[in-house]
Amino acid sequence: MSTRTLLILPGDGIGPEVMAEVRKIIDWFAAKRGIAFDVSEDLVGGAAYDRYGTPLHDDTMAKAQAVDAVLLGAVGGPKYDGLDFSVKPERGLLRLRKEMDLYANLRPAQCFDALADFSSLKHEVVAGLDIMIVRELTSGVYFGEPRGIIREGNERVGINTQRYTESEIARVARSAFELARRRSNKVCSMEKANVMESGVLWREVVQEVHDAEYPDVELSHMYADAGAMQLTRWPKQFDVIVTDNLFGDLLSDLAAMLTGSLGMLPSASLGAPMANGRPKALYEPVHGSAPDIAGQGKANPIACILSFAMALRYSFDLGEDAERVERAVETVLAQGVRTADLMGPEGGTPVSTADMGDAVVAALNASL
Ligand code: IPM
Ligand code: MG
């Protein structure tokens, strides 16, 4: 039997709470499906800073490089607001993304039927929605140099640099085209070519990769601001959206709300294949550490559970088991089980984080 290695980094805030529910799903697979994972756990973000004085210890980085997949909860919190940039909790996550070279961040926004009335948009706008945002994750303004706050005369100047090489654009474009071929075969690329040279190059390279390698895929281009508007006007016009690191950060939060709650959206960050053929991979919910509700059992674990489902699909070739988890989540929502973030205007009694995890396990049992 081939081993499947997982490194779990629960992180900060609600991270440990939602990850505890993923543990239940992992245990369920070992007990009921004979699919076992070799799981280790470590610290990231503020939790790592408190212990080691760095948001990601070198040993943890080395472990992340060696496993089949990393599962991450969330990083950050107000306690760390005053820290120098170099040791902020977020740097731990950014280091993982950069050093593992996880250039393709897949953020699927799917609206479950049971939540279609709960979105802030009209039922018909979001019902049946299934789009995939592919966000470039290792470059752009997140990592561009020069950066910093400098002195110029008698005032300070904040500097960040948007920078993309042709090869960085081409490889994430390929990821988007490959995904589109397995979906509805449509890609919309978003940038700001009207004001940014990096946007002009982005558009050119995406078009070149398309024409040379993926002429069968329908490709369109949109300015990212117009894209944000179209995402709220009629999101179902999209299949795969490919965009840069910063626009992808914004557009994926926006897309999450189409599905009802930020607590619903999973993500997969994929890099180049390792020696065993599996891509370097990290899976994490799109939501943050939500310090305002941390430690209260209020958080929705679904985004983290669905991130584990993505790991089954993209790292372990267990697509049918990924669907099993996704269907279990769908069943639970159809039963009306709701965490606080999923309470509609008519209210009701929310369940706890642990209850939601238990409900998903119960639905998995029923699926056997
Ligand atoms: C995300 C988050 C991160 C980002 C933060 C936590 C660094 O917002 O994954 O979308 O900005 O990429
Ligand atoms: Mg974000």
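Laboratory data are not the source of any read-out in this text; all were calculated from the coordinates shown. No experiment lies behind these values; they were computed from the predicted model shown. Cβ: placed from backbone, ideal geometry, glycine included. Neighbour counts: every protein chain shown.
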Once each part is reduced to its C-alpha centroid, what is the distance from segment 1-76 to segment 354-368 in angstrom?
21
For a quick size check, give me the Cα extents of segment 130-258 along its three principal axes, largest first, whole Å.
55, 33, 23
If I build a Gaussian network model for the chain, linking alpha-carbon pairs within less than 10 angstrom, which residue out of 154, 194, 276 has the largest mean-square fluctuation?
154
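Using only the Cα atoms of the chain, what semi-axes does the equivalent ellipsoid have when each is the square root of 5 times a gyration tensor eigenvalue? Give whole Å, largest first. Kindly include the intermediate steps, with their values, before the conclusion.
Working: eigenvalues 181, 131, 97 Å².
Rounded to whole Å, the semi-axes are 30, 26, 22.
Starting from the Cα gyration tensor of segment 31-118, take the square roots of the eigenvalues, sort them a ≥ b ≥ c, and report rounded, prolate or oblate (rounded when a/c is under 1.5, otherwise prolate if a/b is larger than b/c, else oblate).
Values: a/c = 1.95, a/b = 1.30, b/c = 1.51.
Cα axes put segment 31-118 in the oblate bin.
Gain in length, residue 160 to residue 272, computed as 0.36 nm per residue apart minus the alpha-carbon separation, to one decimal in nm? Write out the running numbers ahead of the final one.
Details: separation 112, 0.36 × 112 = 40.32 nm, distance 2.71 nm.
Here the answer is 37.6 nm.
Considering only segment 130-258, what is the antiparallel percent among its DSSP beta bridges, to the nearest 5?
Values: 5 of 19 bridges.
Here the share of antiparallel DSSP bridges comes out near 25 percent.
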Between residue 27 and residue 65, what is the label-to-label distance in nm when each label sits 7 Å out along the Cα-to-Cβ direction?
3.4
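Mind giving me the FRET efficiency for residue 124 and residue 211? R0 is 35 Å, r the Cβ-Cβ distance, nearest 0.05 is fine. Don't skip to the answer; put the middle values down first.
Values: r = 36 Å, r/R0 = 1.02.
Approximately 0.45, to the nearest 0.05.
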Loop-resident trypsin sites (Lys or Arg not before Pro) in segment 46-132 with no more than 15 other Cβ atoms inside 10 Å, DSSP not H/G/I/E/B, are 122
For residue 20 and residue 151, extending 7 Å from Cα along the Cα-Cβ vector and measuring point to point gives, in nm, a value of 5.0
Which net charge results when you count Lys and Arg as +1 and Asp and Glu as -1 among the other residues whose beta-carbon is under 14 Å from that of residue 88?
-1
Across 89, 215, 266, the residue with the highest GNM fluctuation in the chain (Cα network, 10 Å cutoff) is 215
Around residue 214 (Cβ within 9 Å, Cβ-to-Cβ, excluding residue 214; K/R +1, D/E -1) the net charge comes to -2
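Using Cβ contacts closer than 10 Å as the measure, can you line up 123, 210 from fewest to most?
Values: 123 11, 210 20.
Lowest count first: 123, 210.
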Helix-only [θ] at 222 nm, the chain, -39500 (n - 2.57) per DSSP H run of 4+, per residue, nearest 500, equals -13000 deg cm²/dmol
Comparing 105, 160, 300 in a Gaussian network model of the chain (Cα, 10 Å), the one with the largest mean-square fluctuation is 160
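Can you tally the net charge around residue 39? Count Lys and Arg as +1, Asp and Glu as -1, for every other residue whose Cβ sits under 13 Å from the Cβ of residue 39. Each step should come with its number before you reach the end.
Numbers: positive: 4, 23, 24, 63; negative: 27, 38, 41, 42, 68.
Counting the neighbours of residue 39, the net charge comes to -1.
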Output for segment 271-349: GluC sites (Glu not before Pro) sitting in coil per DSSP, at most 13 other Cβ within 10 Å, listed by number, reads 346
For segment 351-368, 3J(HN,Hα) per residue [Karplus equation, 6.51 cos²θ - 1.76 cosθ + 1.60, θ = phi - 60°, Hz, x = Gly/Pro]:
8, 7, 3, 5, 4, 5, x, 4, 5, 5, 4, 4, 5, 5, 4, 5, 7, 6
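What does the convex hull of the Cα atoms come to per residue for segment 43-89, in Å³? Can you show the working numbers first?
Details: hull volume 3.2 nm³, N = 47.
Cα-based convex hull of segment 43-89, divided per residue, equals 68 Å³.
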Calculated from backbone phi, Karplus (6.51, -1.76, 1.60) coupling profile of segment 154-162 in Hz, x at Gly/Pro
9, 9, 9, 10, x, 10, 9, 10, 8
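So which trypsin sites (Lys or Arg not before Pro) in segment 174-244 end up in coil per DSSP with only 13 or fewer other C-beta atoms within 10 Å? Mind showing how you got there, number by number?
Working: sites: 174, 181, 182, 183, 186, 192, 203, 233, 236; in loops: 182, 183, 192.
Hits after loop and neighbour filter: 182.
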